[in-house]
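The values are calculated or read from the model by the stated rules, or taken from the named source; none is laboratory data. Bear in mind that the values here come from a model prediction, so they are computed numbers and not experimental data. Cβ: placed from backbone, ideal geometry, glycine included. Neighbour counts: every protein chain shown.
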Amino acid sequence: MSDQVEQYRSLLEDVPCNLCGADDYDVVYPPQYDDAQPDEIMVTFRSSGDEILVDQLVRCRGCGLQYLTPRLKSDLILTGYSQGTDENFISQNPGRERTFAKSLHLIERLVPKKGRILDIGTAGGAFLGVAKRRGWEVAGSEPNRWMAEWGSDHYGIEIQPGTIFDMDLPDAHFNVVTLWDVLEHTPDPKVVLKECRRVLKPDGLLIVNYPDINSLIARLMGRKWVFLISVHLYFFTIETIREMLQQTGFRVQRSKMHWQSLELGYILFRMAPYISWLSKLGTKIVTALRIQHMQIPYWMGQTLVLARPFTEE
Ligand SMILES: [Zn+2]
């Protein structure tokens, strides 16, 4: 075993299934520790982090949840997220604002009276910025300190550096709670959802967007699926997300494909680790044509779940 591999393995811990607690699994993809970069953990955990998965992906024999184990220790994950800057991610905020405006349109059909929205892991605050402009009262948290500050300044809102647990929120306070591409990054998603349930009003709405590993595109791409990256600790399917929501006090009202949009140039940049020649060639062409800022809608298995709280009778 090389020094690098040994160093990386010393940063890992085994975790049981977050959904059912079992510790009995089948391996979906074995680890690729030779590709690990133990000195670059901080770079890996940027919001635009796209280091290809090196950890072992397993499927729980009890409930079918897919997750990484062993994986980086939770405190290292949070430290990784809190540090560093990410101009590259922020550069795509105009596209995100467009996507979020559509999402808010959907939310406002289901929650007609504009009240309070909480966005957990809000990154640069694009969603909250749009919501505020549309008349919502907004609150959010973001573990990355640089990003939290950038979003607060840019949108004139208050973003709490840290996680939802750093916020000290009252019970039944929010009309809407959102987790945009966040739940699969959290070391303990069940605890996060329980906290969402606590702070959401009984007639409130929870929104979870996640990449579905059982979507057609994920199955077709297999090991090359774009969301199979190091920072995703959990890989939900509609069945496992529904079960986790059920166990934390939510009932799924609806689920749908969630189209997001990014600039063409950024998509090509993110493609580089997968198909490097096509990324290089494409970048040359779009730069020559000056269409690198064109907004491209894309769908790679992103799934939007709308859920409502329920009370056990
Ligand atoms: Zn399980």
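Per-structure values
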| quantity | calculated |
| --- | --- |
| Selected residue [surrounded by 19 or more Cβ atoms within 10 Å (Cβ to Cβ) and among the charged types (D, E, K, R)] from 96, 134 | 96 |
| From the options 203, 212, residue that is of a type in the set (D, E, K, R) and more than 30 Å from residue 170 (Cβ to Cβ) | 212 |
| Single residue of 85, 79 found to be farther than 22 Å from residue 171 by Cα and modelled with pLDDT under 85 | 85 |
| Flag if residue 129 is within 19 Å of the chain's Cα centre (by Cα) and either at negative phi or surrounded by 15 or more Cβ atoms within 10 Å (Cβ to Cβ) (or both) | yes |
| Single unsatisfied condition, residue 58 versus (1) in contact with a strand residue (DSSP E or B) (Cβ under 6 Å, 6 or more places away or on another chain); (2) free of Cβ contacts under 8 Å to residues at least 60 places away in the same chain; (3) assigned to a helix (DSSP H, G or I) | (3) |
| Unmet requirement for residue 62, which otherwise passes all of (1) within 16 Å of the ligand (Cβ to nearest atom); (2) in contact with a Gly (Cβ under 6 Å, 6 or more places away or on another chain) | (2) |
| Failed condition for residue 263, given (1) closer than 15 Å to residue 183 by Cα; (2) buried (at least 19 other Cβ atoms within 10 Å of the Cβ) | (1) |
| Some residue of the stretch 271-289 being in contact with a Ser or Thr (Cβ under 9 Å, 6 or more places away or on another chain) and under 21 Å from residue 213 (Cβ atoms) | yes |
| From 27, 15, residue being within 16 Å of the ligand (Cβ to nearest atom), surrounded by fewer than 20 Cβ atoms within 10 Å (Cβ to Cβ), at pLDDT 90 or above and over 22 Å from the mean Cα position of the chain (by Cα) | 27 |
| For residue 296: the one exception among (1) in a strand (DSSP E or B); (2) modelled with pLDDT of 85 or more; (3) hydrophobic (A, V, I, L, M, F, W, C) | (2) |
| Output for the stretch 107-126, where each listed residue is surrounded by fewer than 16 Cβ atoms within 10 Å (Cβ to Cβ) and not small (Gly, Ala, Ser) | 109, 110, 112, 113 |
| Total residues in the stretch 224-268, condition among the hydrophobic types (A, V, I, L, M, F, W, C) and closer than 22 Å to residue 297 by Cβ | 12 |
